[in-house]
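The values are calculated or read from the model by the stated rules, or taken from the named source; none is laboratory data. Only a predicted model underlies this, so the values are computations on that prediction, with no experimental measurement involved. When we count neighbours, we look across all protein chains shown, and the Cβ atoms used for this are built from the backbone with ideal geometry, even at glycine. Side chains included, ligands, DNA and RNA excluded: accessible areas come from the protein's heavy atoms. Shrake-Rupley method; radii C 1.70, N 1.55, O 1.52, S 1.80 Å.
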Amino acid sequence: MGYFEPLLYVPTLAVIHSDAKSTAANIVLVFNAGTTVGRILSGVMSKVAGPVNANLASNFLCCLLLCIFMFAVNTVAGYYVFSALFGLLSTLYLAVNTHILAREFGAQVVASSVGLSMACCGLGVLIGNPVQGALYETYDRTRAQFNAVSAWAVACFAAATACYAALRWIIVRKHGLPQLSRM
């Protein structure tokens, strides 16, 4: 639910701080370049750390990035750096989630498990964007900032991090693996 907050509001913040409308398009371009690199490197990161660990770290780092950049940075250069890093880290979920589902539920039910996962993601998008809009209208519009919306995105990434931590704990218990194992 918090994934789209930076895509919707960081370009707007960059335009507010630069007064150039082309900055918004450039921010989205940098984000997409980051996602391209992130999708290419996601396989390597998953092989090194394991897909669950990589997703856990990715969600935690995205949460941290949102906390640092959305609340503390007010420069266009900072928004460019944020967009590149967020694009790089946030795509791990999209690229590696199928592998986790196939490994945990079996290859015979990949289509069903991926379909259910994407249905939950779709539900999150349907809920997340209107909530962000309502938060912006209620708390942020009068002050021309995005603090409430950013707090919502941080909360969503924190919840995703907690879910991956719980999944990791369940897998460790189920398979009798050591706590620091690559999974």
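Once the Cα atoms of helix 92-105 and of the chain are each reduced to a long axis, what angle between those two axes, in degrees from 0 to 90 to the nearest 10, is obtained? Rounded to the nearest ten degrees, it is 20.
Per residue, how much accessible area does the chain show when a 1.4 Å probe rolls over the protein heavy atoms, in square angstrom? Mind dumping the intermediate values first?
On the way: 9550 Å² over 183 residues.
In whole numbers, the chain has 52 Å² accessible per residue.
Backbone phi angles across region 55-60, fed through the Karplus curve with coefficients 6.51, -1.76 and 1.60 (θ = phi - 60°), yield HN-Hα couplings of 5, 4, 5, 4, 5, 4 Hz in residue order; Gly and Pro are listed as x.
How much length, in nm to one decimal, is gained on full extension between VAL110 and VAL48, taken as 0.36 nm per residue of separation minus their Cα-Cα distance?
On the way: separation 62, 0.36 × 62 = 22.32 nm, distance 2.32 nm.
Taking VAL110 through VAL48 to full extension adds about 20.0 nm, to one decimal.
Starting from the Cα gyration tensor of region 107-175, take the square roots of the eigenvalues, sort them a ≥ b ≥ c, and report rounded, prolate or oblate (rounded when a/c is under 1.5, otherwise prolate if a/b is larger than b/c, else oblate). Walk me through the numbers on the way to the answer.
Values: a/c = 5.96, a/b = 1.98, b/c = 3.01.
Oblate, because a/c is 1.5 or more while a/b does not exceed b/c.
Expressed as a whole percentage, what fraction of the accessible surface of the chain belongs to carbon and sulfur atoms when a 1.4 Å probe is rolled over the protein heavy atoms? The partial results should precede the final answer.
Numbers: 6800 of 9550 Å².
Roughly 71 percent, rounded to a whole number.
Decide, for region 27-69, between rounded, prolate and oblate: order the square roots of the alpha carbon gyration tensor eigenvalues as a ≥ b ≥ c, take rounded if a/c falls under 1.5, and otherwise choose prolate if a/b is larger than b/c, else oblate. Note, shape of region 27-69 comes out oblate.
Using only Cα atoms, find the angle between the long axis of helix 76-90 and the longest principal axis of the chain, and express it within 0 to 90 degrees, rounded to the nearest 10. Once rounded, the angle reads 20 degrees. Under 20 Å from a label point set 7 Å out along the Cα-to-Cβ vector of LEU177, the amide N atoms of region 47-64 belong to 47-61. Computed from Cα atoms, the angle from the helix 110-135 axis to the main principal axis of the chain rounds to 20 degrees.
Under 8 Å for C-alpha pairs, at least 6 residues apart: give me the relative contact order for the chain, rounded to a whole percent.
Numbers: 200 pairs, mean separation 62.6, N = 183.
Taking the mean separation of contacting Cα pairs over the length of the chain, I get 34 percent.
The candidate values are (1) 84, 32, 26; (2) 57, 49, 31; (3) 54, 31, 29; the one derived from this structure for Cα extents along the principal axes in Å carries the label (3). Among rounded, prolate and oblate, which fits region 74-129 when a ≥ b ≥ c are the square roots of the eigenvalues of its C-alpha gyration tensor, a/c under 1.5 means rounded, and a/b larger than b/c means prolate? Oblate, because a/c is 1.5 or more while a/b does not exceed b/c. Comparing mean-square fluctuations of SER90, SER42, SER112 from a GNM of the chain with C-alpha springs under 10 Å, the top value falls on SER112. Label positions at LEU123 and ALA165, each projected 7 Å from the Cα along the C-beta direction, are separated by 2.4 nm.
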